Amino acid sequence: MTTVEDLPAGVNDARGRVAELHAIREQVRRGPSERATEAQRAKGKLTARERIELLLDEGSFNEVEPLRRHRATGFGLEAKKPYTDGVITGWGTVHGRTVFTYAHDFRIFGGALGEAHATKIHKIMDMAIQAGAPLVSLNDGAGARIQEGVSALAGYGGIFQRNTKASGVIPQISVMLGPCAGGAAYSPALTDFVFMVRETSQMFITGPDVVRAVTGEEITQNGLGGADVHAETSGVCHFAYDDEVTCLEEVRYLLSLLPANNRENPPSVPCEDPADRSGDALLDLVPADGNRPYDMRKVIEEIVDDGEFLEVHERWATNIICALTRLDGRVVGIIANQPQSLAGVLDIEASEKAARFVQMCDAFNIPIVTFLDVPGFLPGVDQEHGGIIRHGAKLLYAYCNATVPRISLVLRKAYGGAYIVMDSQSIGADLTYAWPTNEIAVMGAEGAANVIFRKQIAEADDSDAMRMRMVKEYKSELMHPYYAAERGLVDDVIDPAETRHTLIRSLEMLRTKHADLPARKHGNPPQ
């Protein structure tokens, strides 16, 4: 720690004071000690300042309260008062746009949150909300600073309150770069997106030691709350990467697809991919036979600008795809059933995943395009007892509540309640299209025939032949590609090759859409 005694003679003049300032700044920049820095790197982790440098545009960082110190006493704290108090806060730019950030410095008190530490975070969160700019937290902390007692816990309360206040107002991104345990894990859970790095970041409410003591289960930190667990099993993590550099590059990419706040539109970019480019490959990508699987990602690649999109929750609830991408240079959110996984059915996890994505898009003025190929909701005792009714209603509520431009496209199957829930015209889609391979119906022809013609099939001499005949009759009467269009439930049946051009023209028309919700404090969505 720099003291007056350490400074050269003449420190009381202006030049001396400036020299003192630069000495302190250099100490702040270096951190607590070289030994602490080496220990951080030995764990395969970057320092807090190195992370900020990777996140923000070069030379753009402006630090807030770098000289802050705690005022706590007891347990030896009065003898240890490092600058920053273990968290670096400030703002800079990402792709030229203002972004606020805070980064825990694990080298100081293990990044643990104390009163001064929390106050710094509160201040930068308030600044982000007032400025209307995204907030990125770089998390690498050991939880509450036990030596400061309940004051540290109250600091978390202030963070949670501000996370909630900022929700739907500014984008909030949590980047997990180390441990995050106990109540601290609820702040990332309140934000819009969570990034994690394999092997070095973990999130859990109670750690392996507590689990072992209470349940007798033996498990490692990564097995309990590592990146892969949260990316594949719990759904807590939206993105997981092998290293910090790649992770922070992807955070920058995500920020390029989001607006600064809920009063702005996402940034558009010049597009060299022709708006009227024909998608002839789509005719071969999607089999006409509704029982044959295919990869919906390839369909999305063929339609969007340059085949590029950022998939959210890629490894969780894989029977539905949620992605941010661009069409003619403008950002859109895509929700699509994935026939390669569980035949693209809706289940509890898929409903939750898509509902949250719809809400995020609606909050930040991102138009929604829905690709349907859905045979229904997943049947089963586990699904019913797990609450598929209320979880499926989350997706229904999210779509019905969304006021951004909404376009749906039926590629193949669209059966029963799942068809209605997946942004059908009847729940408010602005435009609905279908390919000539579409089958829109209450249920599949085989199931429908078994119900409607049960008696005829049972009484027939050749029940199998009668069933086939009735299935064919039902398809010809109620499931032909133009049935919904003839009744105004689909705005048009389009050539798949024209999909990109049709969507771009439709979104351009809807760009000035304005829709008001009823006056209310807030809705009461299903939980």
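The values are calculated or read from the model by the stated rules, or taken from the named source; none is laboratory data. All figures in this text were calculated on a predicted structure; none of them were measured in a lab. As a convention, Cβ positions derive from the backbone with ideal geometry for all residues, glycine included, and neighbour counts pool all protein chains shown. For the accessible areas, the whole protein counts, side chains as well, though only heavy atoms, and no ligand, DNA or RNA atoms are used. Shrake-Rupley method; radii C 1.70, N 1.55, O 1.52, S 1.80 Å.
Some notes on this structure:
- Most to least accessible of Trp435, Trp91 (protein chains only, probe 1.4 Å): Trp91, Trp435
- Computed helical MRE - 222 nm, the chain, DSSP H runs ≥ 4 contributing -39500 (n - 2.57), nearest 500: -11000 deg cm²/dmol
- Gyration tensor (alpha-carbon) shape descriptor, segment 195-306, a/c threshold 1.5: oblate
- Given Lys353/Lys394; Lys394/Lys513; Lys353/Lys521; Lys43/Lys80; Lys120/Lys165, the pairs whose alpha carbons are separated by over 21 Å: Lys394/Lys513; Lys353/Lys521; Lys43/Lys80
- Heavy atoms of Glu199 accessible to a 1.4 Å probe, total area in Å² rounded to 10: 130 Å²
- Global form of segment 40-86, assessed from the alpha-carbon gyration tensor, a/c cut-off 1.5: oblate
- Beta-bridge orientation, the chain: approximately 40 percent antiparallel, per DSSP, counting only bridges with both partners inside.
- The solvent-accessible area of Thr246, taken with every protein chain present and a 1.4 Å probe, is close to 50 Å².
- Compared with the dominant Cα axis of the chain, that is its longest principal axis, helix 388-401 is turned about 80°.
- The residues of the chain expose on average 46 square angstrom of accessible surface per residue, using a 1.4 Å probe on protein heavy atoms.
- The accessible-area ordering, largest first, of the residues Glu486, Glu301 stands as Glu486, Glu301, per a 1.4 angstrom probe.
- Computed over neighbours whose Cβ is under 13 Å from that of Glu508, the net charge equals +2, Lys and Arg +1, Asp and Glu -1.
- Net dipole in debye of the chain [+1 Lys, Arg Cβ; -1 Asp, Glu Cβ; about Cα centre; nearest 20]: 1900 debye
- Options Phe377, Thr84, Cys180, ranked by Cα towards positive dipole end of the chain, top entry (Cβ charges): Thr84
- Per-residue SASA entry for Asp273, accessible area with 1.4 Å probe, Å² rounded to 10: 10 Å²
- Other residues lying with their Cβ under 12 Å from the Cβ of Tyr419 contribute a combined charge of -1, Lys and Arg counting +1, Asp and Glu -1.
- Proximal lysines to Lys455, defined as alpha-carbon separation beneath 28 angstrom and excluding residues fewer than eight positions away on the same chain: Lys413, Lys472, Lys475
- Using only the C-alpha atoms, the convex hull of segment 320-366 corresponds to 59 Å³ per residue.
- Among the listed options (i) 34; (ii) 53; (iii) 27, the one matching percent of Cα pairs over 44 Å apart as calculated from these coordinates is (iii).
- Note on Asp276 and Asn12: the extension gain reaches 87.9 nm, defined as 0.36 nm multiplied by sequence separation minus the Cα-Cα distance.
- Antiparallel %, DSSP beta bridges [both residues in segment 166-259], to 5: 10 percent
- Each other residue within a Cβ distance under 15 Å of Arg467 adds +1 if Lys or Arg and -1 if Asp or Glu, for a net charge of -1.
- Length-normalised contact order for segment 214-367 - Cα pairs under 8 Å, 6+ apart - percent: 23 percent
- Degrees, to the nearest 10: 115-131 long Cα axis against longest axis of the chain: 50 degrees
- With every protein chain in place, the chain: carbon and sulfur % of accessible area (1.4 Å): 52 percent
- Each DSSP beta bridge with both residues in segment 397-514 is either parallel or antiparallel, and the antiparallel ones are about 0%.
- Across Thr325, Thr119, Thr200, the residue with the most accessible area heads the list, and the full order at a 1.4 Å probe is Thr119, Thr200, Thr325.
- Crossing angle, helix 244-256 versus the chain [Cα axis fit, 0-90 degrees, rounded to tens]: 60 degrees
- Three-way shape label, segment 349-458, alpha-carbon gyration tensor, a/c 1.5: oblate
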